[in-house]
Amino acid sequence: YGSIAKRHFLIIKKNFKFAKLYILSRRKIKADNAIILKSREEIKKIKPDYVIIASETNKHYSDLIFLEKNLKNINILVEKPLFHKKKKINVKKNNIYVGYNLRFHPGVLFLRKLLIKNNPIDIKIITNSYLPNWRNDKYSSSYSANKKKGGGVILDLSHEVDLALWLFGEIKISFVRFGKQSNLKISSEDNLKLFGKIKNANFYLDLSYYSKNEIRNIYIDTNKNSLFLDLKNNLIKINNTKKNFFPDDINQSYLNMHEAIILKKNAKYLCKIDQGRKVLDVITRIKKFQLKEVVK
């Protein structure tokens, strides 16, 4: 029941009045309008319709195995990324999705429509973030700071990998560098630089934990137009002139994702488990690619 779980809880409590809510946490917590569970075994007795896995990334796999073994015909949302590394899992009994809510961001959906008539020749995705700002003063004790718990920019900011795959297609990697560059008190990597190709387009991915100049931008050049999506300021530019602004409410993208799962509204935008696996495949290739470079 960390920050992202609280966000899910409050959104569902506010917008799905019919829901009976339960929270499982190893810590002692209080939450209005929720029943607190002490162990996973209690979930079997409840027989829920919808479960959200928002545990630490390295615990996603065991949590999902437990649910798949003991429940059937339910919807399960696994917070991104699916797992902290590639794992084999045979899913037959339940519907499983991965929490890539940015697929429901109005700017991303608008860009997706523009791409129907615009064939990219150059794609840049740049996300500068400052970990202490989004993990507060306790950032150094969060899972994001801990490599063994599945922290690091590559997993934490895997939204960008998912968007690249979903919007543009398969990524062919040409060059990778990642590691710890800053003096942040973390054991995980704090930056990634990747060069490659997607179809015939050049592709560049740049992620960081240490920049106070926080941005989340996508730049696309085609033979006809130049497109720019700013996810921090909720706007799109076409050829640096025409601007389209979108509502500044990140909670709406989470709500739309939950509506897609619960009410089947725009369910085609959901990240299914197979797509979540593809994100992990790319992450695995990124890490192996650098390892090969180091060995050489």
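How big is the equivalent ellipsoid of segment 1-114 along its three axes, where each semi-axis is √(5λ) from the Cα gyration tensor, reported in whole Å from largest to smallest?
On the way: eigenvalues 111, 77, 40 Å².
Rounded to whole Å, the semi-axes are 24, 20, 14.
Give me a comma-separated list of calculated 3J(HN,Hα) values for segment 25-33, in order, Karplus coefficients 6.51, -1.76, 1.60 applied at θ = phi - 60°, integers in Hz, x for any Gly or Pro.
Couplings: 8, 7, 9, 7, 10, 10, 8, 5, 6 Hz.
For residue 267, what charge total do you get from the other residues with a beta carbon under 14 Å from its beta carbon, if Lys and Arg give +1 and Asp and Glu give -1?
+4
Skipping prolines and chain starts, which residues have an amide H placed within reach, meaning under 5 Å, of the one on residue 99, given they are 5 or more residues away or on another chain?
Those qualifying (amide H under 5 Å, at least 5 residues apart or on another chain) are 78, 79, 80.
Among 222, 19, 187, whose Cα lies farthest out toward the positive end of the dipole of the chain, if unit charges sit on the beta carbon of Lys, Arg (+1) and Asp, Glu (-1)?
Of the candidates, 19 comes out farthest on the positive side.
Would you mind telling me the antiparallel percentage of the DSSP bridges in the chain, rounded to 5?
Around 65 percent of the beta bridges assigned by DSSP in the chain are antiparallel ones.
Using +1 on the beta carbon of Lys and Arg, -1 on that of Asp and Glu, and nothing else charged, what's the dipole of the chain about the Cα centre, debye to 20? Write out the running numbers ahead of the final one.
Values: 60 positive and 26 negative charges, 176 e Å.
The dipole of the chain has a size of about 840 debye.
Can you tell me the Rg and Dmax of segment 139-196, counting just the alpha carbons, in angstroms?
Looking at segment 139-196, its Cα Rg and Dmax stand at 12.7, 36 Å.
Enter the accessible area per residue of segment 1-145 (Å², integer; probe 1.4 Å; all protein chains in place).
For segment 1-145, the solvent-accessible area averages 57 Å² per residue.
Among 117/212; 232/268; 172/268; 72/278, which pairs are too far apart, with a Cα-Cα distance over 31 Å?
Exceeds cut-off: 117/212.
Through the Karplus equation 6.51 cos²θ - 1.76 cosθ + 1.60, θ set to phi - 60°, convert the phi angles of segment 193-208 into ³J(HN,Hα) values in whole Hz; use x for Gly and Pro.
10, 9, 10, x, 9, 10, 6, 9, 9, 5, 9, 10, 10, 9, 10, 8
Report, in degrees rounded to the nearest 10, the 0 to 90 angle that the Cα long axis of helix 3-15 makes with the longest principal axis of the chain.
70 degrees
In the chain, what percent of the accessible surface is made up of carbon and sulfur (1.4 Å probe, ligands and nucleic acids excluded)?
Numbers: 7860 of 16020 Å².
Taking all protein chains in place, the chain shows 49 percent carbon and sulfur surface.
Around residue 94, which amide H atoms from residues at least 5 apart in sequence, or from another chain, sit under 5 Å from its own amide H, with H modelled in the peptide plane?
It is 73, by chain and number.
With the cut-off at 1.5 for a/c, could you classify segment 171-225 from its C-alpha gyration tensor as rounded, prolate or oblate?
oblate
Determine the shape class of segment 102-205: with a ≥ b ≥ c the square roots of the Cα gyration tensor eigenvalues, call it rounded for a/c under 1.5, and otherwise prolate if a/b is greater than b/c, oblate otherwise.
Judged from the Cα gyration tensor, segment 102-205 comes out prolate (a/c at least 1.5, a/b above b/c).
Amide H of residue 122: which non-local residues (sequence gap of 5 or more, or other chain) have their own amide H closer than 5 Å, using H built in the peptide plane?
Distant-sequence amide H within range of residue 122: 202, 221.
Calculate one ³J(HN,Hα) per residue across segment 226-243 by plugging θ = phi - 60° into the Karplus curve 6.51 cos²θ - 1.76 cosθ + 1.60, and present them in order as whole Hz with x for glycine and proline.
10, 10, 9, 10, 10, 7, 7, 9, 6, 8, 10, 10, 10, 6, 6, 10, 6, 10
Suppose only helical runs count, i.e. DSSP H with n ≥ 4. What mean residue ellipticity at 222 nm does that imply for the chain under -39500 (n - 2.57) per run, divided by all residues and rounded to the nearest 500 deg cm²/dmol?
Dividing the helical sum by the residues of the chain leaves -9000 deg cm²/dmol.
The values are calculated or read from the model by the stated rules, or taken from the named source; none is laboratory data. What you see is a predicted model, and the numbers here were worked out from it, not measured in a lab. Cβ sites come from the backbone with ideal geometry, for glycine too, and all protein chains shown count toward neighbours. We work out accessible area using only protein heavy atoms, side chains counted, and drop any ligands, DNA or RNA first. Shrake-Rupley method; radii C 1.70, N 1.55, O 1.52, S 1.80 Å.
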